[in-house]
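Accompanying notes for the structure given below.
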Amino acid sequence: QVQLVESGGGLVQPGGSLRLSCAASGIIVSSNTMRWYRQAPGKEREWVAIMSSGGDTNYPESVKGRFTISRDNAKNTVYLQMNSLKPEDTAVYYCNVFTSRSYWGQGTQVTVSS
């Protein structure tokens with residue numbers, strides 16, 4: 001049974017940083033393409049980071065240079081380091097993996113506000 005559990009969200013001021021974690025079970029993160037998505041109120045879910053099994057990463061322009069995806073193979077956990085946060089980064093952030101089907105975590109709320 002695949003399970004993804006996100007944590008690390010919270011309230012942060014503009015310009016601040018947060019690190020999100022996604023603890024996985026039922027899969028090996030280093031053997032799969034892992035993704036982070038976010039969904040703001042009234043908006044569609046959008047991807048914000050991807051890491052392939054080979055370690056290649058990619059980001060949309062909206063977060064490139066500010067967000068970094070990484071993984072800890074020993075902990076079977078994927079991270080999203082978010083720096084220089086902006087109010088428009090406010091959203092629920094989700095971890096995702098596709099194996100036989102798409103799996104999602106429960107999400108973690110990130111609020112960027114002064």
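Here are the numbers:
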| quantity | calculated |
| --- | --- |
| Theoretical FRET efficiency, 1/(1+(r/R0)^6), r = Cβ-Cβ of residue 86 and residue 31, R0 41 Å, to 0.05 | 0.75 |
| Whole-percent carbon and sulfur share, accessible surface of the chain, 1.4 Å | 46 |
| Viscosity 1.567 mPa s, temperature 4 °C, Stokes-Einstein D of the chain from Kirkwood C-alpha radius, µm²/s | 93 |
| All lysines inside 24 Å of residue 64 as judged from Cα atoms, apart from same-chain residues fewer than 8 positions distant | 43, 86 |
| Accessible surface, per residue, of the chain when the full set of protein chains is kept, probe 1.4 Å, Å² | 52 |
| Selection of trypsin sites (Lys or Arg not before Pro), the range 37-114, meeting DSSP coil and at most 16 other Cβ within 10 Å | 43, 45, 64, 66, 75, 101 |
| Note, ³J(HN,Hα) from phi for the range 107-114, Karplus 6.51, -1.76, 1.60, rounded to Hz, x at Gly and Pro | x, 9, 7, 10, 10, 10, 7, 8 |
| GluC sites (Glu not before Pro) within the range 3-62, DSSP loop, no more than 16 other Cβ atoms inside 10 Å | 44, 61 |
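The values are calculated or read from the model by the stated rules, or taken from the named source; none is laboratory data. The model shown is predicted, which means the values in this text are computed figures rather than measured ones. Because the Cβ atoms are built from the backbone with ideal geometry, glycine has one as well, and the counts that use them run over all protein chains shown. Only protein heavy atoms, including side chains, enter the accessible area calculation; ligands, DNA and RNA are left aside. Shrake-Rupley method; radii C 1.70, N 1.55, O 1.52, S 1.80 Å.
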